[in-house]
Each structure stands twice: as C-alpha cells, then as structure tokens.
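> One structure coming up, written as structure tokens, with questions to follow.
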Amino acid sequence: MTDETSAARSPIGYQILLALAARDRHGYLIRKAVEQQTDGGMTLGPGTLYAAIRRLEDQGLIEESPWRPDADLDDPRRRYYRLTTTGRAALEAETARLQATVKLALKQLKMRPRPAR
C-alpha cells in the first residue's frame, strides 16, 4: 500500500471504505454502517467522521457520488460518497493484509500453550 492510500490502514478509514463497498452513502449512513459493522465498538462523532472522509477524498479513495435517491426521500444538502477504483483496491489490499495478520496470530496462539494461573 502506498503512502497515498495509507488512510485505508487506519481503523476508521478501513471501516468507512468497508461501509461504501456495498453502496453509495451520505455521512450519517456511513456513521450508522460503521457502528453496525463493529457491533457498536466504533462510534464516530461528526468531526472524526468528516475529517476521515476528507482524508479519504484527498487520497483518491472515495469521491462524491452523482447518485441521488428520489428527491422526495432526500435532503438536497446531503453529499453522497462512493469508492473509487483506487479505494476498492486499497480496501481489498488492506483486507488481505488483515487476513494474513489474523492467520499468523491464530498460528502463534496455537503454538504456545496458555500460561497456568
């Protein structure tokens, strides 16, 4: 992963990219998706969320989406975001890195018995 896509390695950046993998979302829906994905373990305040969104945009991992739901169901002030091709590649690379880390951790834990209490 290059320095330009390093935001994908942060837990917050990774969760935002993951939230956008399925569909375009606006900030509040991203926030709710992250909360759901982490079983409530990560709750993002507006300042944290929008700072992370800006970093991801600056690194070319996400972009504003032209997609809009029916005008009767939406607030025109909302900005929707989507993954870029680079963002999807960064998400896939980080997911593979995390899988390898978990695989190694599980192997290491099996190699060494638990200490006696």
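The values are calculated or read from the model by the stated rules, or taken from the named source; none is laboratory data. Computed from a prediction, not measured in an experiment: that's the story for all the values here. Cβ: placed from backbone, ideal geometry, glycine included. Neighbour counts: every protein chain shown.
> Could you run through segment 64-91 and say how many residues are surrounded by fewer than 15 Cβ atoms within 10 Å (Cβ to Cβ) and either closer than 18 Å to Ile12 by Cβ or basic (Lys, Arg) (or both)?
Count: 4.
> Within 18 Å of Asp24 (Cβ to Cβ), assigned to a loop (DSSP other than H, G, I, E, B), modelled with pLDDT under 95 and of a type outside the set (Val, Ile, Thr), is that true of Pro115?
Here the answer is no, as Pro115 does not meet what is asked.
> Pairs only if they're at least six apart or on different chains, beta carbon under 6 angstrom, first in segment 89-108 and touching a residue at least 12 places away in the same chain (Cβ under 8 Å) and of a type in the set (Gly, Ala, Ser), second surrounded by 10 or more Cβ atoms within 10 Å (Cβ to Cβ) and assigned to a helix (DSSP H, G or I); list them, first residue then second.
As it stands, the answer is Ala90/Thr5; Ala90/Ala8, since those pairs meet every condition given.
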